[in-house]
Amino acid sequence: MVKQFIANSNERNKIIKEYSEGKIHVLTSMKCLDEGIDVPRSEYAIFCASTGNPRQFIQRRGRILRKHQDKNYAVIHDLVVIPKNTNDMTTFQMERSLVQKELERVVNFSNLADNKTYTYEVFKEILDEYNLNLNDFEN
């Protein structure tokens, strides 16, 4: 069962309870899970819209990475925006800046991941194209 989780919903507590009991398998949300909500045992997440706000980023990530006795790991897919390289030097720096911001988030996640080296493999071509190095993003 799939359920929308909307901020002004009267059913909010009921939805969270049913989700924690396994009656609801997928919970979709837009900004409602950023802060102040306990979503027990969430194991999978797909972030479709990223935020530049560090607090929101930490809340979203923490919501899924929270430890639970019945959970060994979490899987997070964070969708990344990569512009099409037009080889136009007038827009290259803007494109490069966007890619750099996206990759900062990627590195932040990959530092916590079991498959960190896979990140480098996936983004190698893009890094080369924009003359970037993931090691430059390390904290």
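The values are calculated or read from the model by the stated rules, or taken from the named source; none is laboratory data. Bear in mind the structure is a predicted one, so any value in this text is a computation, not a measurement. With ideal geometry, Cβ positions are generated from the backbone for all residues, glycine too; neighbour counts draw on all protein chains shown.
For segment 82-109, taking the residues that are of a type in the set (Asp, Glu) and farther than 16 Å from ALA49 by Cβ, the one that is surrounded by the fewest Cβ atoms within 10 Å (Cβ to Cβ) is identified as ASP88.
Residue-wise test of (1) under 24 Å from GLY62 (Cα atoms); (2) at pLDDT 90 or above.
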| residue | (1), (2) |
| --- | --- |
| THR86 | no, no |
| GLN93 | no, yes |
| SER97 | no, yes |
| GLU104 | yes, no |
| VAL107 | yes, no |
| ALA113 | yes, no |
| LEU127 | no, yes |
| ASN131 | no, yes |
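When THR28 is tested against the conditions (1) hydroxyl-bearing (Ser, Thr, Tyr); (2) over 19 Å from PHE123 (Cβ atoms); (3) assigned to a helix (DSSP H, G or I), the lone failure is (3). For segment 27-55, the set of residues classified as at pLDDT 70 or above, farther than 30 Å from LEU98 by Cβ and loosely packed, with under 13 Cβ neighbours inside 10 Å consists of ASP38 only.
Taking the stated definitions as given, is ILE126 assigned by TED's automatic domain parsing to the domain that holds THR28, aliphatic (A, V, I, L, M) and out of contact with any Phe, Trp or Tyr (no Cβ under 6 Å at 6 or more places or on another chain)? No: the conditions fail for ILE126. For ARG66, are the conditions met, namely being of a type in the set (D, E, K, R) and touching a helix residue (DSSP H, G or I) at 6+ places or on another chain (Cβ under 7 Å)? Considered against the rule, which asks whether it is of a type in the set (D, E, K, R) and touching a helix residue (DSSP H, G or I) at 6+ places or on another chain (Cβ under 7 Å), ARG66 comes out as no. One residue alone among LEU65, LEU112, LEU79 is more than 15 Å from LEU132 (Cβ to Cβ), surrounded by fewer than 11 Cβ atoms within 10 Å (Cβ to Cβ) and among the hydrophobic types (A, V, I, L, M, F, W, C), and that residue is LEU79.
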